[in-house]
């Protein structure tokens, strides 16, 4: 990765997890420090924008750790990290990139615990989970 882009992504990641950032520091702390910066930002922004923000908009809480989302989210992040690292090895890369994270997300999305929470709504005509709008 060109240094200018690496610095851009490093800045994005630090801004998101900093004292004025929009990301719960406990969530940002789950993302591996040794990953390439684009992979860190891609995983963090995917989780925040597609899972955490919608959930918290309906279930406000002062801390993500105090919600029922936190335990399955931690498990899912660990699962995604493991798969992204395996994909990187299979691609003969000595780093984890956003591409490896995207492949991992695509492979695992249907089986993630947070998918089962139906944050966006049910896949069928079943009633929405308790607390959903």
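Data for the structure
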quantity	calculated
Whole-Å distance, taken between Cα centres, linking segment 89-124 and segment 1-67	16 Å
0 to 90° range, to nearest 10: angle between helix 3-17 axis and the chain longest Cα axis	30 degrees
Tilt relative to the chain, helix 98-108 - C-alpha long axis, 0 to 90 degrees, to 10	30 degrees
Dimensionless Rg ratio for segment 22-133, taking C-alpha atoms and the 2.2 N^0.38 Å reference	1.11
Per residue Cα convex hull volume in Å³ - calculated over segment 66-112	71 Å³
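Values quoted throughout were computed directly from the atomic coordinates according to the rules given, and no laboratory measurement underlies them. Small disclaimer: the values here were computed from a predicted structure and weren't measured.
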